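Working notes, structure below.
What follows draws every value from the coordinates through simple rules; no lab data is involved. Bear in mind the structure is a predicted one, so any value in this text is a computation, not a measurement. Counting neighbours? That spans all protein chains shown, and the Cβs are built from the backbone with ideal geometry, glycine included.
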Amino acid sequence: MRHPITAQQVNELAAQLDASTRLLTAADGDYYEKLISRWADNAVKRAGAVAVPVSYDEVSKLVKFASANKLELAVRGGGHSTGGTSSTEGGLTIDLSRMRAVKVDKDTKLIVAQGGALWEDVDNAAIEKGLATVGGTVNHTGIGGLTLGGGMGWLTGLYGTVVDNLVEAKIVVADGRILSVSENENADLFWAIRGAGHNFGVAVEFTFRGYDQTNEIYAGGLVFTPDKLTSLVEGFNTRMKTSEPQAAGMLLFAKPPGMPVAVVVVNVFYNGDEAAAKEYFKFLFDLQPVAITAKMMPYNHLNALLNPLATHGRRKALKAVTVTNHIDVAFVQELYNDYSQQLEKNPDMSASFLGIEIHDVSKIQSVPLESMAFANRGPYRPGIVGLEWTDPKMDEENRAWGRMIQAKCRQAIIASKEFSGDTKTSLEYANYVEPGDLITDRPFGGNQQRLAILKQKYDPDVLFYKTNPITPLRTEAN
Ligand SMILES: Cc1cc2nc3c(=O)[nH]c(=O)nc-3n(C[C@H](O)[C@H](O)[C@H](O)COP(=O)(O)OP(=O)(O)OC[C@H]3O[C@@H](n4cnc5c(N)ncnc54)[C@H](O)[C@@H]3O)c2cc1C
């Protein structure tokens, strides 16, 4: 049982912290309100106190204090969880928003970023040295939450997941120790944080492997009327038989303001020149898009392209969905019909979208499932239902619709020829999940038991539990 922080505890804590750490309560007015705000309004909770540290030692003091007093604790990275997992009602929040420094070494190609950095911090610092790494496709998301859950982005086809490129990290574990983790140091914890990291501590620093990225890239959107959906999906199915890792696509249903019907937007990415990109995506251009925004640009502009569709505020929920590698045309048409009917029924949801990510999966699948906690390595295509609305009374109903789509996708995949019955991989991507979603039954697939044993070792009193929680497992060995 975890407790809210009392006024007396706030005073005790303040006395232990050094002057660099800010500690705020509701009495501090606007600054406190700004600190508890989140990407989604429905994820805002009124913390009893918010601490904003700038040093790893101060994070350690905060974690020790929360452990000793059995406090309810939240850790805030970029603040994009729609399920409120970086917020607390009455407890203590450790807010990492002043820990965003990034250092890049051109020679070793290592990118060292503090736990509160956003992807824009990483992308911008890396490209200055002619480098890039796998990162989020909306650059104001936090590297913290995204990395600890696995992380996929436009460079995934080439280099795998974010955690496949994590070389080292510094984690403040529940007893306050600041542990360096890598293949050579605290290797068991390194294994656990690569996919299930939200459960093991506060990540104050990440070291990512960077890759040469001196060329510009081709990226942007192609907009199609919905009658093209079948041809688009068939085109992708054919294209992906000879896919190239430097290319990726994202097929989205969206209803831009002023459009009478929901349209199909295909966002494309090609790490190469325009002629090669247009050749690779020829099937899309042949289908006569009604609008094209794709063009050549510097790499660090790429992950800003979707920002206008993902602005802060309003009520939101993400729902992980998964479809087969060979995408079933009739099923995707059914999803489009569900989506457009729902928006017609409830126009307050018209900024919602449904997307399927289409990249070369061979790199992700080349990494053995047992090599780290991340378990979404099945031969499937991850997708997402991004729900958005304004009416708080509709929170449950709108989420329920998203979960209905999630269940439908899961049933379809299980019924498909591609499903092997393998329970080692997890079907839905753990980072697109909220408490109460389908995936929460077994988010780490075959890695679940080892994680439970490591939870007992590093966090037996379950201080960190908000994202895909793990119950500690006591064994004779531990
Ligand atoms: C607009 C949008 C775009 C997205 N795009 C992608 C994408 O391209 N690829 C992808 O893989 N995922 C993507 N996601 C999903 C994303 O990975 C998760 O929402 C992720 O949790 C966001 O991390 P955050 O730090 O911004 O969130 P927060 O709300 O701050 O944190 C989410 C969880 O992570 C924990 N956490 C955050 N930082 C730390 C830290 N340093 N140490 C310990 N715990 C921490 C929090 O405690 C909480 O449990 C996207 C989400 C959104 C909303």
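Numbers at a glance
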read-out: Linear extension gain, PHE419 paired with ASN337, 0.36 nm per residue minus alpha-carbon span; value: 27.1 nm
read-out: Whole-angstrom Cα spans of the range 365-478 along principal axes, big to small; value: 49, 38, 20
read-out: Total formal charge among the other residues, if their Cβ is under 13 angstrom from that of VAL263, Lys/Arg +1 and Asp/Glu -1; value: +1
read-out: Dipole of the chain, positive end: most advanced residue of ALA74, THR230, HIS326 [Cβ charges, Cα centre]; value: ALA74
read-out: Inter-centroid distance (Cα atoms) of the range 383-448 relative to the range 1-33, Å; value: 36
read-out: Gain upon complete extension [GLN288, LYS34; 0.36 nm per residue less C-alpha separation]; value: 87.0 nm
read-out: Cα-Cα pairs of the range 102-213 separated by more than 23 Å (percent); value: 19
read-out: Principal axis dimensions, largest first and in whole angstrom, of the range 189-306 by Cα; value: 49, 33, 29
read-out: Relative contact order, percent, the chain [alpha-carbon distance under 8 Å, six or more residues apart]; value: 15
read-out: Radius, Kirkwood style, for the range 303-395 when every pair of distinct Cα atoms is counted (Å); value: 15.5
read-out: Cut-off under 5 Å, modelled amide H: who pairs with ARG46 long-range; value: GLY90
read-out: Cα coordinate range in the range 7-95, projected on the principal axes (Å, largest first); value: 33, 24, 22
read-out: Amide H within-cut-off set for LEU179, under 5 Å, with H built and near neighbours excluded; value: ILE171, VAL172, VAL173
read-out: Kirkwood Rh (inverse of mean 1/r, distinct Cα pairs), the range 217-436, angstrom; value: 18.2
read-out: Rounded to the nearest 20 debye, dipole of the range 1-139 from Cβ charges on Lys, Arg, Asp, Glu; value: 260
read-out: 10 Å beta-carbon shell around TYR159, net charge (K/R +1, D/E -1); value: +1
read-out: Relative contact order of the range 217-436, pairs being alpha-carbon contacts under 8 Å that are 6 or more residues apart, as %; value: 27
read-out: The chain: proportion of alpha-carbon pairs further apart than 45 angstrom, %; value: 9
read-out: Spin-label pair GLU476/VAL44, simplified geometry with 7 Å Cα→Cβ offset, distance in nm; value: 5.5
